[in-house]
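Chemist: If you scroll down you'll find the structure; I have some questions about it.
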Amino acid sequence: ERRPPAAHTTARAVCTRDALYLFYLCECSGRDGARWANRTHDSEVWQDNSVEVFLDPSGTAGSNYYQVVLNPGGVRADLLARRREAWNPELKVATKVSRGEWTAELAIPFRQLGLTPGRINRVWRMNLTRFSLSPPEDTSWCVLGDYSSHTPSRFGYLWLDAGNVMNVSDQEMQPWEAIFDGESLSNWRVVRGEVLAGEGMMVVEPAQTAVVAMRKPLPYDDLVISADVISNKQFRFMFAPDRDNKQMGFYATFINHINESNVAMMRDWEYWAPPMGFHLTIPHYGPCPMADNTWYRCEVRFRPERVQLLLNGRLLMETPNLYPKARWLGLHIIGGGKVRNLRIRKLVTANSTSQEE
């Protein structure tokens, strides 16, 4: 949830040539704020007041990530891909309980992660979390939403000065820009239907349909649009060459409940608002395994010559783009649904010649 935690946590990360160091300052109140019960290595330490670090030195957000859990007594569990027996490193740990807070320090030598000098990636994936017993609360550095802590694709990025291998593309280094603040539609206009905003989401009630459009044009010709979506029927990213969409445009559709869920690319006239006119439809592609009441990451990579649709990072389809100057964005939510984490970044390609305007 996008709300301030009841118990404040401060974390710091630094590195040397040989190790990564982490520090946590956990504010707490009452006798239970720093209580722990597990006292043996690799026990269920995460059931105590505890802090955790998830590390993927490969930077690929794959399943072979490391996890270390510490409680206020300095007891730890260390896991590789959720298996306690798979990793038993030599780590340095120090904890201290004081009035109103407890701290934890952790040193992880790179060699304990299977790394050797000269072959350390510059960019890792990482997340930092804390579990508090009183009041019961699970907090995270990265936004997890309904996802488990064990979701590497939701980990953040850690840049290591000690790294000497550039392991990420120029695309991955492009910053994301939020285009919906999660609380209001101040940057959007509701063209059709009713859309509620708050608690990090746009919401369209079940069986209802709505269209919203951005008030400002998109900043790039080559771009990536991404959103986490619950779709009860269809969710569409819509691109138009003018604000009121009086010319032919382009939209990318993620479809649920049609032919076991498929994906289509479509062009349409004046789809900001009815009546809808003549349209051309590229044949459906699939499968697009979208289930009810489940969050999916829907992404469109839009550039002048081609457009790609991705679902949870998997390429669903690619098609030529006949409408390269589509600088205005709309969202079409059909049959109800929810949208959050709506964001944009520049798409960097080897042949890209687009410039920021």
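Laboratory data are not the source of any read-out in this text; all were calculated from the coordinates shown. All figures in this text were calculated on a predicted structure; none of them were measured in a lab. Don't worry about glycine lacking a Cβ; one is built from the backbone with ideal geometry, like all the others, and counts go over all protein chains shown.
Chemist: Around residue 160, under 11 Å between beta carbons, what's the net of Lys plus Arg minus Asp minus Glu among the other residues? Mind showing how you got there, number by number?
Modeler: Values: positive: 17, 122; negative: 161.
With Lys, Arg at +1 and Asp, Glu at -1, the neighbours total +1.
Chemist: At q = 0.09, 0.10, 0.13, 0.15 Å⁻¹, what is the log10 ratio I(q)/I(0) for the range 9-159, with the Debye formula run over Cα points and no solvent?
Modeler: -0.26, -0.32, -0.55, -0.74
Chemist: How much net charge surrounds residue 82 when only the other residues with a Cβ under 14 Å from the Cβ of residue 82 are counted, with Lys and Arg +1 and Asp and Glu -1?
Modeler: Values: positive: 83, 84; negative: 42, 44, 52, 56, 78, 85.
Charge balance near residue 82 sits at -4.
Chemist: Loop only by DSSP, 11 or fewer other Cβ within 10 Å of the Cβ. Give me the GluC sites (Glu not before Pro) in the range 72-122 that pass, ordered by residue number. Mind showing how you got there, number by number?
Modeler: Details: sites: 85, 90, 101, 105; in loops: 90.
Of the GluC sites (Glu not before Pro), the ones in loops of the range 72-122 whose Cβ has at most 11 other Cβ atoms within 10 Å are 90.
Chemist: Of the chymotrypsin sites (Phe, Trp or Tyr not before Pro) in the range 135-240, which ones lie in a loop per DSSP and count no more than 13 other C-beta atoms within 10 Å?
Modeler: Working: sites: 141, 147, 155, 157, 159, 176, 180, 188, 220, 235, 237, 239; in loops: 141, 147, 155, 176, 180, 220.
Sparse-neighbourhood loop chymotrypsin sites (Phe, Trp or Tyr not before Pro): 176.
Chemist: Which residue, 29, 60, 77, has the largest displacement toward the positive end of the dipole of the range 9-159 when charges sit on each Cβ (Lys, Arg +1; Asp, Glu -1)?
Modeler: 60
Chemist: Further question: Please report the net charge: other residues with Cβ closer than 11 Å to the Cβ of residue 188, K and R +1, D and E -1.
Modeler: Once all neighbours under 11 Å are counted, the net charge is +2.
Chemist: Another one. I'd like the trypsin sites (Lys or Arg not before Pro) in the range 1-83 restricted to DSSP loop residues with at most 15 other Cβ atoms within 10 Å, sorted by number.
Modeler: Values: sites: 2, 12, 17, 31, 35, 39, 76, 82, 83; in loops: 2, 17, 35, 39, 82.
Hits after loop and neighbour filter: 2, 17, 39, 82.
Chemist: Given a cut-off of 19 Å, name the pairs among 216/338; 216/346; 233/325 whose C-alpha atoms lie farther apart than that in the structure shown.
Modeler: Working: 216/338 22 Å; 216/346 16 Å; 233/325 28 Å.
Distance filter (> 19 Å) returns 216/338; 233/325.
Chemist: From the Cα gyration tensor of the range 152-241, with a ≥ b ≥ c the square roots of its eigenvalues, which class applies: rounded if a/c is under 1.5, or else prolate if a/b is larger than b/c, or else oblate? Present the calculation step by step, with values, prior to reporting the outcome.
Modeler: On the way: a/c = 2.53, a/b = 1.97, b/c = 1.28.
Because a/c hits 1.5 or more and a/b exceeds b/c, the range 152-241 counts as prolate.
Chemist: Still on this model: Is the shape of the range 105-181 best called rounded, prolate or oblate, per the rule: a/c under 1.5 gives rounded, else a/b larger than b/c gives prolate, else oblate, with a ≥ b ≥ c the square roots of the Cα gyration tensor eigenvalues?
Modeler: On the way: a/c = 2.85, a/b = 1.30, b/c = 2.20.
Verdict is oblate for the range 105-181.
Chemist: In whole Hz, with x marking every Gly and Pro, tabulate ³J(HN,Hα) for the range 16-28 from phi via Karplus 6.51 cos²θ - 1.76 cosθ + 1.60, θ = phi - 60°.
Modeler: 10, 5, 10, 7, 9, 10, 10, 10, 10, 10, 10, 6, 8
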